[in-house]
Amino acid sequence: MMLKRLRCLIVNAALSVQIAAYMTPEGNVVIPGASSYNGLGLVPQMGWDNWNSFGCNVNESLLLQTAKAMADYGLRDLGYNYVVLDDCWSQGRNSSGYLVENPIKFPNGMKHVADQIHALGMKFGMYSSAGILTCGRYPGSLGYEQKDADVFASWGVDYLKYDNCFNMGQSGTPKISFDRYNVMSQALNKTGRPIWYSMCNWGDDNPFDWAYSIANSYRMSGDIYDSFNRPDSRCPCDEAIGCQWPGFHCSVMNILNKMAAIQARTMSGGFADMDMLEVGNGGQDDNEYVTHFSLWALMSSPLLIGTNVLTLTPANLAIYSNPAVIALNQDPSAGGGIRKWRYSVEDKDEFGQGEISLWTRQMQNGDTVIALINGGNSTRTMNATAKDIFLDQATAGTFMPAAELKETWDVYDLWANRLSTTEAAALINGTAPTITSASNSTTRYNATAMSFEKGLQNNATALFGTRVGTLAPSGTWTAQIPRHSTGLYRLRKAGSGLRKRDEL
Ligand code: GAL
C-alpha cells in the first residue's frame, strides 16, 4: 500500500515538471509532453470567418465592426476569439516577393487590422493556399512559404487558414500532400510567433492520418452549404474515406455522416474541421440550425461563426450563445462523438431524405452526452437504450455488462436554457447586464473570466442545462423529437450534478 502511494507521488511529481519548448535545426517547435505539435489547439478553435456570408466582399471595416459586435454581444467572452479574414484580400506581390494587401480594401494595412483586433482582446486569422493561386485566384503561397509566413507574423497574425487550390498536381498520395502542407507548418514555426495552423485540404489524401503532427486542424470534407440535407451533385461523396472528389455544396447531414467513420482521429492538438457554421444564413429553419450547431459542438469541430454578425437575429444569437453546448466543444476530452446507429425512415422530406440516428460521447468528468437526431419529416418518439449508449464500455473482451448499466443517470436537456428572444435582443441592443463567471446565470457564461474547463469542474450552472428526468439502470431514454431536430442530453450519475457553490 505504502509503495503504491509512493509510486503515485513520484509519477505526479514527474508530470508536474515543466520542460521548456525548444526548436530543432529544421525549425520544428518541440514541446515535450504536450499533446499538440506547436502547443496550440488543445481544444477546438472558436471565432468568425467571413467566407460563408461575404465571400470575396472583404474590407477593414467589416472585420473591425464584426470584432466589436462579437465583443459587445458576449460572443468573445463565450470563447469566439479568432476573427478570420478569408480569400480575396491581396493585391499581389511586391518586387521583393512579399504579399501586399489590397490598399482599397485595407487602406491602413493589415497590421492595423491585427492591432485593432488585438486591442479588443481577440486574435486575427488570415488565409492563403498551398498552391500557386488561392481558390479566388489571388497569389498563393506555394514556393513562397517562408516569405509569406514571415509577412503574416510581422503583421501580428495568429492563425492561418491554408487552402488547397491550384496545387500544381501535388496531391494524390498522403505523402505528397503531407510534404506540401509541412513546408508551411515549418515556415510558421520558424517565425517564432504562435500561429494556429488550419489546414483546408478538404479531406484529400486522408489528413485524419497525418495532419495531427503538423497542423492544429484539418478540413475533412468539401465545402459546406446552407442546407440541412439536400443532396447536391457537386458534393458526390458520402464517406470521407476514399473520397476522390470532395467538391462543395455539402449539406450538414452529409458532413456529419462523413465524420462517423473517422471520429476517433479527432483529438486535442489536431481537430477534424467540419467547416464553418451556417447558422443565420437563412437556408435552414431553427430546428435544423440547432441540430447543425449541436453536432458540430459534439464532434469537437471548430466553431467558426459563418454569418453576418451585424445582422444576427436574436434567435440565431441564442443558438451561437448556448454555453451548455459550447462546453461540449471545449471539453478537455477533445474527442468526437460515436454514431451508435442510423436508420432510414419512411417519412421522407421534399428531397427524398429521411434518417434517424443516435450519437454519444463521453466527457472528461465521466458524464455521457447523447444526441438523438430526427432527420425524418414528422415528429417521432425516439429511444436511446442504456445498452446502446454504453456500448463501448461493455467491450474489452470481458463479456461483462458495462458497469454504467447498473447506474441511475440524471438526464439534462442542454437546450432547455437557451436564451429567450428578449434576452438575446437585449444583448444585441446593448441593454443586457454584463455577466461574470461568478454570477449564478443559467443562460449566460463568461469564459474569459473562467475557462470552460474550470467551469465544468465547478459544475457552473450555465454549462449543464436543466434536469428533465432519469435513465434507470439498463433503462431507455425516450423523447419526442420534432422534424429535422435533435434532442441533446447530458447524462450524469444520479446526484453528481450538485453545484459546488463555494468554489464559484
Ligand atoms: C475553399 C475553402 C472555403 C473558402 C474558399 C475561398 O476552397 O474550402 O472555405 O476558403 O476556398 O476561396
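The values are calculated or read from the model by the stated rules, or taken from the named source; none is laboratory data. The structure displayed is predicted, hence computed values, not measured ones. So basically every Cβ, Gly included, is an ideal-geometry build from the backbone, and we count neighbours across all protein chains shown. With ligands, DNA and RNA removed, areas are computed over all heavy atoms of the protein, side chains included. Shrake-Rupley method; radii C 1.70, N 1.55, O 1.52, S 1.80 Å.
Projecting label points 7 angstrom from Cα along Cα→Cβ for residue 238 and residue 466 puts them 3.9 nm apart. Its residue count N fixes a reference of 2.2 N^0.38 Å for region 272-397, and the Cα radius of gyration divided by that reference is 1.14. The modelled label-to-label distance for the pair residue 341/residue 285, using points 7 Å beyond Cα in the direction of Cβ, is 2.6 nm. Keeping all protein chains in place, calculate the accessible area per residue for region 246-403 (probe 1.4 angstrom), answer in Å². On a per-residue basis, region 246-403 sits at 31 Å².
Among the protein heavy atoms of region 64-178, carbon and sulfur supply 53% of the accessible surface, probe 1.4 Å, non-protein parts ignored.
Residues whose amide H comes within less than 5 Å of that of residue 159, counting only those at least five positions distant or on another chain, are 126, 196 (H built at 1.01 Å from N in the peptide plane). If we count GluC sites (Glu not before Pro) as exposed when they sit in a DSSP loop and have at most 15 other beta carbons within 10 Å, what is the longest stretch of the chain that avoids them all? That gives 27-238 as the longest site-free run.
Counting only alpha carbon atoms, the long axis of helix 252-262 and the longest principal axis of the chain meet at about 80°. Using the Cβ-Cβ distance between residue 438 and residue 264 with R0 = 51 Å, the FRET efficiency computed as 1/(1 + (r/R0)^6) comes to roughly 0.85.
To the nearest 20 debye, what is the magnitude of the charge dipole of region 195-235 about its Cα centre, counting +1 on the Cβ of each Lys and Arg and -1 on the Cβ of each Asp and Glu?
Computed about the Cα centre, the dipole is about 80 debye.
The phi-based Karplus calculation (6.51 cos²θ - 1.76 cosθ + 1.60; θ = phi - 60°) puts the 3J(HN,Hα) values of region 106-116 at 10, x, 9, x, 6, 5, 4, 4, 4, 4, 5 Hz, whole numbers, x for Gly and Pro. Only DSSP H runs of four or more residues enter the estimate; each adds -39500 (n - 2.57), and after division by the residues of the chain the mean residue ellipticity at 222 nm equals -7500 deg cm²/dmol. Taking amide H as placed 1.01 Å from N in the peptide plane, residue 279 has its amide H under 5 Å from the amide H of 306, each at least 5 places away in sequence or on another chain.
Taking 0.36 nm per intervening residue step and subtracting the Cα-Cα distance, what contour gain separates residue 400 from residue 351 on full extension? Present the calculation step by step, with values, prior to reporting the outcome.
Numbers: separation 49, 0.36 × 49 = 17.64 nm, distance 4.37 nm.
Gain in length upon complete extension: 13.3 nm.
With equal scatterers on the alpha carbons only and no solvent term, can you work out the Debye log10 of I(q)/I(0) for the chain at 0.07, 0.09, 0.11 1/Å? Each listed q maps to, in turn, -0.38, -0.63, -0.96.
Calculate the length of the line joining the C-alpha centroid of region 188-231 to that of region 155-174, in whole Å. If you average the Cα positions of each part, the centres end up 9 Å apart.
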